[in-house]
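Questions regarding the structure given below will be posed in turn.
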Amino acid sequence: MYRAINLEQLDKYLSSDDSPENCMMLSDLDGFIHGILCCPSIIQPEEWMPIALGADPNTLPLPMVQLVADLFGNVAQGASFDPPVVEPIFWQAKEGHVIAMDWCEGFMQAVSLRPKEWLTLTESSSDGHLMTPIMLHLMDDNGNSLMGVAQEDLDEVLGKAAEEIPVAVAGIVDYWRHVRQGSGSTN
């Protein structure tokens with residue numbers, strides 16, 4: 001059973017002056033946690049929590065650290081289901097469309113902790129496409145797509161890609177599950 005989490009309280013803290021300057025905001029934190037849990041190897045909380053929170057968790061308010069741990073637990077529980085349940089926390093624009101860019105940046109920050117281990121998936125001819133909806137959201141410093149999407153097509157492409165992220169992440173979880181069991185395709 002999922003633990004009830006006051007996401008509004010966590011978001012308020014992360015966005016406040018009380019939080020460390022380098023802490024992640026809620027959407028990128030959620031993406032980062034998903035990336036940590038999708039990683040081919042275990043990344044211990046001692047490594048990822050200071051990155052997520054922008055400081056040593058022992059120096060931060062325990063209730064806020066516990067909310068992050070609870071969020072991790074809920075995402076982990078969803079990932080443990082067969083099929084995995086993925087419910088990303090995306091921002092919602094005033095116009096009503098979903099903004100998944102921060103979430104994707106958080107996910108890719110987790111990938112960057114073990115880039116060589118991710119090569120099995122990203123270079124896979126049969127399953128490498130699972131990373132595409134996430135990677136489509138990556139932009140350079142000028143707001144240009146790193147995947148070469150034309151500016152005039154960006155809104156439509158990102159909207160479709162955001163809709164595909166839950167299925168793609170569930171596929172990534174299953175991919176690594178099968179690789180660990182020795183039955184997954186690695187090429």
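If you plug each phi of the range 135-150 into the Karplus form 6.51 cos²θ - 1.76 cosθ + 1.60 with θ = phi - 60°, what whole-Hz ³J(HN,Hα) values come out, in order, with x for Gly and Pro?
For the range 135-150, the Karplus curve yields 5, 4, 8, 8, 10, 7, 5, 9, x, 9, 5, 6, 9, x, 6, 5 Hz.
May I pose another question? Where does the range 25-118 land on Rg(C-alpha)/(2.2 N^0.38 Å)?
Cα Rg divided by the expected 2.2 N^0.38 Å: 1.09.
Just order 26-38, 54-66 by mean Cβ neighbour count inside 10 Å, highest at the front, would you?
Working: 26-38: 25.1, 54-66: 13.9.
With the highest mean Cβ count within 10 Å placed first, the list reads 26-38, 54-66.
What is the distance in Å between the Cα centroid of the range 40-79 and that of the range 134-187?
A separation of 24 Å, based on Cα centres.
May I pose another question? Answer rounded, prolate or oblate for the range 79-187, using the Cα gyration tensor with square roots of eigenvalues a ≥ b ≥ c: rounded when a/c is under 1.5, else prolate when a/b is larger than b/c, else oblate.
Since a/c reaches 1.5 and a/b is larger than b/c, the shape of the range 79-187 is classed as prolate.
With a 1.4 Å probe and every protein chain kept in, tell me what percent of the accessible surface of the chain is carbon plus sulfur.
Its accessible area is 52 percent carbon and sulfur atoms.
Whole number in Å², please: accessible area per residue of the range 41-187, 1.4 Å probe, ligands, DNA and RNA not counted. Numbers along the way, then the final one.
Working: 8030 Å² over 147 residues.
Heavy-atom accessible area per residue stands at 55 Å².
Which of the lysines could a cross-linker span from K12 if the Cα-Cα distance has to be under 19 Å and same-chain partners fewer than 8 positions apart are dropped?
Qualifying lysines at Cα under 19 Å: K94.
Here is a follow-up. Let me have the 222 nm mean residue ellipticity of the chain computed from DSSP H runs of 4+ only, each contributing -39500 (n - 2.57), with the sum over all residues rounded to the nearest 500.
Rounded to the nearest 500, the figure is -16500 deg cm²/dmol.
Which shape class applies to the chain: rounded if a/c is under 1.5, otherwise prolate when a/b exceeds b/c and oblate if not, where a ≥ b ≥ c are the square roots of the Cα gyration tensor eigenvalues?
oblate
If a helix is a whole DSSP H run, which ones in the chain reach 30 Å or further along their own axis (Cα) and hold a mean Kyte-Doolittle hydropathy of at least 0.0?
Answer set is 154-180.
The values are calculated or read from the model by the stated rules, or taken from the named source; none is laboratory data. If you're wondering where the values come from, they're calculated on a predicted model, not measured in any experiment. Every residue, glycine among them, receives a Cβ derived from its backbone with ideal geometry; neighbour counts consider all protein chains shown. Each accessible area value is taken on the protein alone, full model and side chains, heavy atoms only, with ligands, DNA and RNA left out. Shrake-Rupley method; radii C 1.70, N 1.55, O 1.52, S 1.80 Å.
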